[in-house]
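Right, one structure below, let's go through it.
A short reminder: the numbers here are calculations on the coordinates, not readings from a lab. Just so it is clear, the model here is predicted, and its values are computed rather than measured. Note: ideal-geometry Cβ built from the backbone for every residue, glycine included; neighbour counts use all protein chains shown.
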């Protein structure tokens, strides 16, 4: 692709190529009603409900295999926390954040400790269900806890599950697959943290390391899996099942908002900021939110200035063919979970008319926000998650995003009633020594 053409014709893309923090507003955003019918041809409300029903069927299995889900009866869900002290702390440092600031704590999800627990676990469970039903050993009327029995584990042990990952998706796939009895291979890029590799190996997972970036790990993993008829590849770049697992989050978030008495309507907008790597998790979550809240939710992705691949994929309409290296950007970032040089073609296409825009953030600020959240709210998440704070800090900082507010009726009065959600995507499984190191990192 001719990156120079885009750099010369679009001042925002030039700022991105110069690795400057910026806001990009999506010129292809359409009213929900315009895109509704076409979107449902790809992922319908019935598809999302089917995914939710499947997770409900698996609750007894999850409860049995993962005791930490006992109090939620096998439901894997995260808290929605109001973070007023963090909001004040950010404002004291110069940000203007109207309305109420909340943290969606997928960083603390059971089992895998990240947003990937939604999509990754769902896809593995669906694969297991498909195999069990086809074998005749199991029916949908059975108690799904039986899938943890020895004979079923022996059955699943014939099969292999493989995935390419920078870390968190590998953890969710690896931990769940191992619990079912699958053989598991996780293809990990150079960006992956050592502690994530060590944790996977402790679960009996085969970790295959690559000196190259995420895209290479995925390509090699996909190729090797395709050679084995007993292998199933979880494809973060193309998987609709992963996407569905993430999309289920929206209905659950609505329930949490209702329980907090937080209305979402034209006068009480919901503004959500989700860190993006290859795009699967934020795409699925945002898609689900648009299905429920329609034009009353404004979905922004956030990415490091050193790897804004989803932004470039949508902004150039080159989708998966966009690569940060073509724009002179290294793709090497402290936000290891977001280090994907090229984005998902599926997600960049389906989000083209649904995404409000993006904010980028310097690596040093990831640690600044991490410390500030810990100091103000006693909550610690991993650096990648902290990219989410680029959104509420940036909404009224940049002229382009202020113009978005004016265009979409987000007046000062309306924003005062807004709920702004920073989506924390990982952190629960970070070892204590790494947590301490994060708090002491300054760039």
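Computed from the C-beta positions of residue 332 and residue 71 and an R0 of 41 Å, the FRET efficiency is 0.55 to the nearest 0.05. Globularity index of region 116-241 is 1.03 (Cα radius of gyration / 2.2 N^0.38 Å, N = number of residues).
Between residue 139 and residue 30, the contour length at 0.36 nm per residue exceeds the Cα-Cα span by 35.0 nm. Sorting 379, 292 from the fewest to the most surrounding beta carbons within 10 angstrom yields 292, 379. The length gained by stretching the chain between residue 56 and residue 402 to full extension, at 0.36 nm per residue less their Cα-Cα distance, is 120.4 nm. Each stretch of four or more DSSP H residues adds -39500 (n - 2.57); spread over every residue of the chain, this sum gives -13500 deg cm²/dmol at 222 nm. Averaging the sequence gap over all C-alpha pairs within less than 8 Å and six or more residues apart, then dividing by the number of residues, gives region 96-172 a relative contact order of 33 percent.
Average 1/r across all pairs of distinct alpha carbons in region 1-121, invert it, and you get the Kirkwood radius: 19.1 Å. Which residues does a label at residue 227 reach in region 142-166, if reach means a backbone N under 17 Å from a point 7 Å past the Cα toward the Cβ? 160-164, by backbone N distance to the label point.
Separation of region 43-76 and region 372-418, taken as the distance between their Cα centroids, equals 31 angstrom.
FRET efficiency for the residue 20 to residue 93 pair, using the beta carbon distance and R₀ = 22 Å, is estimated at 0.70.
For the pair region 99-142 and region 146-182, the centres of their Cα atoms are 12 angstrom apart. Projected label points at residue 41 and residue 267, each 7 Å from Cα along the beta carbon direction, are separated by 3.9 nanometres.
Working from Cα pairs under 8 Å separated by at least six residues, relative contact order for the chain is 22 percent. With the convex hull drawn over the C-alpha atoms of region 305-375, the volume per residue is 92 Å³.
Given R₀ = 35 Å, FRET efficiency for residue 411-residue 10 by Cβ-Cβ distance, to 0.05? Approximately 0.80, to the nearest 0.05.
Under the criterion of Cα pairs below 8 Å and six or more residues apart, the relative contact order for region 116-241 equals 26 percent. Computed across the chain, the Kirkwood radius stands at 21.8 Å (inverse of mean 1/r, all Cα pairs).
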